[in-house]
Amino acid sequence: MKTELKACKKCKGLYERDGKKEPVCPDHPDERLTAEWYGFIFIQDPVNSTVASRMGITREGKYAIKVRQ
Ligand SMILES: [Zn+2]
């Protein structure tokens, strides 16, 4: 089964389609998520991750490296 991850343009968070429901970013529910993203990182410990702080990530999860705006 193909997983369809979509990225939030604001925070670059990646979210999975849940059944027939389109994914929604919990921080930016008004933002349309996009399938046009590249790269992939999983942030497990945002508090102690230099990558997370550099990207402004405060929550554990999957993130896109680049999101086409
Ligand atoms: Zn977001």
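Condition first: modelled with pLDDT of 95 or more and under 13 Å from residue 10 (Cα atoms). Now tell me which residues in the range 37-64 satisfy that.
Matches in the range 37-64: 37, 63, 64.
Search the range 6-36 for residues being among the aliphatic types (A, V, I, L, M) and over 11 Å from residue 61 (Cβ atoms), and hand back the single one that is surrounded by the most Cβ atoms within 10 Å (Cβ to Cβ).
For the range 6-36, the residue satisfying everything is 7.
Considering only the range 1-24, how many residues are within 9 Å of the ligand (Cβ to nearest atom) and basic (Lys, Arg)?
The total comes to 3.
Among the residues of the range 37-69, write down those that are open to solvent by 80 Å² or more (accessible area, probe 1.4 Å) and under 11 Å from residue 6 (Cα atoms).
Listed by number, the list holds a single entry, 38.
What number of residues within the range 25-50 are more than 9 Å from the ligand (Cβ to nearest atom) and either touching a helix residue (DSSP H, G or I) at 6+ places or on another chain (Cβ under 9 Å) or not aromatic (Phe, Trp, Tyr) (or both)?
15
The values are calculated or read from the model by the stated rules, or taken from the named source; none is laboratory data. Owing to the predicted nature of the structure, the values given are computational and were not obtained by experimental measurement. A quick note on method: Cβ atoms are made from the backbone with ideal geometry, for glycine too, and the neighbour counts reach across all protein chains shown. Just so you know, the surface numbers come from the protein's heavy atoms only, side chains and all, with ligands and any DNA or RNA stripped out. Shrake-Rupley method; radii C 1.70, N 1.55, O 1.52, S 1.80 Å.
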